[in-house]
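Written out below as structure tokens is the structure these notes cover.
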């Protein structure tokens, strides 16, 4: 019985370094500096009431991993918005939300916060694109989208 235990322990001691080396090869970005930071997304609808929006955020390949999404500051958008889970695999996210209520924001409001794992020392090259913003009657409204990096 002692011999079996010794063989198992020796096997484990040999396999752990091999597996560790394999994981370094499979995930080279782990060897890079990694940090976490939020990106706050703002939409300015001017004097129009905002009822719905859709936008895309992306970065250069292998710069970020999206680890969380939370809602905005106004009651209409405080719940976490919908997002395209398939897009996450491509270092981007497509987010959308709508509210059919009567209390809607207008002007500049934070619509979402995206929590990121940032890989490497370089600041990611974010690309933010508003796909659509609409009022309660489903009419497209002019709006400006922007972001602020958080700590």
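The values are calculated or read from the model by the stated rules, or taken from the named source; none is laboratory data. Since the structure is predicted, the reported quantities are computational estimates derived from the model, not experimental observations. Positions of Cβ are generated from backbone atoms using ideal geometry, with glycine treated the same way; all protein chains shown enter the neighbour counts.
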Yes or no: region 137-147 includes at least one residue that is crowded, with 17+ Cβ neighbours inside 10 Å and part of a strand (DSSP E or B). yes
Name every residue in region 77-99 that is more than 13 Å from the chain's Cα centre (by Cα) and over 19 Å from residue 131 (Cα atoms), in order of residue number. 78, 79
Can you find even one residue in region 113-124 that is within 16 Å of residue 144 (Cα to Cα), in a strand (DSSP E or B) and modelled with pLDDT of 95 or more? no
Which condition breaks for residue 40 when tested against (1) part of a loop (DSSP other than H, G, I, E, B); (2) surrounded by fewer than 19 Cβ atoms within 10 Å (Cβ to Cβ)? (1)
Give me a count of the residues in region 73-106 that are in contact with a helix residue (DSSP H, G or I) (Cβ under 8 Å, 6 or more places away or on another chain) and exposed (fewer than 15 other Cβ atoms within 10 Å of the Cβ). 2
Considering residues that are out of contact with any helix residue (DSSP H, G or I) (no Cβ under 9 Å at 6 or more places or on another chain), surrounded by 14 or more Cβ atoms within 10 Å (Cβ to Cβ) and over 10 Å from residue 57 (Cα atoms), the number found within region 116-131 is 4
Residue among 87, 112, 52 that is within 17 Å of residue 141 (Cα to Cα), in the same structural domain as residue 140 (by TED's automatic domain parsing) and touching a strand residue (DSSP E or B) at 6+ places or on another chain (Cβ under 6 Å): 52
Residue check, residue 109 against (1) free of Cβ contacts under 8 Å to residues at least 12 places away in the same chain; (2) within 19 Å of the chain's Cα centre (by Cα), all met but one. Which one? (1)
